Structures are given as C-alpha cells and as structure tokens.
Amino acid sequence: MPPSRSQIRPGLTVDIVQKQDQASGRLTRGVVAQVLTKSPTHPHGIKVRLTTGQVGRVQAVVGAVETG
C-alpha cells in the first residue's frame, strides 16, 4: 500500500512512478516540491511534483533531506 498524504510533505525524498512508467513499474527518486493530491489516500499513490518538475505517484518514502 502506498503511503498516505499525511506521510508526505515537501522536502522528503521519495520514489515515484511517472505516468509513462506505470506499465514497467520503473521508479524515479527525487525530493518532493509540492503535494498535488488533495484526498488523504489514493489506491495508486499520492501524486506529487518533484523539485526537478517531474510528476508522479509516491510508491515509497525514502527519507528527509539533510539540511546544513
């Protein structure tokens, strides 16, 4: 089960699956810039925009970005 919206916030490193990669299941790792899904959960994952501009659904939370 993908993480819920409450577990995802800007600054976290996550693995997402982009629309074009859904068939292959290829994951893209990046830092969340914006959470796009408004509902608390979604069966395919919460949609986010990464700092690189890529958009996809979160499959796993990897960790927080180191600051300092």
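Restricting attention to segment 1-18, the residues being in a helix (DSSP H, G or I) and under 13 Å from residue 59 (Cα atoms) number 2.
Considering segment 45-68 alone, what residues qualify as being in a loop (DSSP other than H, G, I, E, B), at pLDDT 95 or above, on the phi < 0 side of the Ramachandran plot and surrounded by fewer than 17 Cβ atoms within 10 Å (Cβ to Cβ)? Of everything in segment 45-68, those that are in a loop (DSSP other than H, G, I, E, B), at pLDDT 95 or above, on the phi < 0 side of the Ramachandran plot and surrounded by fewer than 17 Cβ atoms within 10 Å (Cβ to Cβ) turn out to be 51, 52, 54. Residues that are within 9 Å of the chain's Cα centre (by Cα) and of a type in the set (Gly, Ala, Ser) within segment 1-50 comprise 30, 45, listed in sequence order. For segment 15-45, a tally of residues being closer than 20 Å to residue 1 by Cβ and aliphatic (A, V, I, L, M) returns 6. Scanning segment 25-44 for residues that are open to solvent by less than 90 Å² (accessible area, probe 1.4 Å) and assigned to a loop (DSSP other than H, G, I, E, B) returns 25, 27, 36, 37, 39, 41, 42.
The values are calculated or read from the model by the stated rules, or taken from the named source; none is laboratory data. Quick caveat: nothing in here was measured; it's all calculated off a predicted structure. Note: ideal-geometry Cβ built from the backbone for every residue, glycine included; neighbour counts use all protein chains shown. Please note that ligands, DNA and RNA were not included when accessible areas were found on the heavy atoms of the full protein model with its side chains. Shrake-Rupley method; radii C 1.70, N 1.55, O 1.52, S 1.80 Å.
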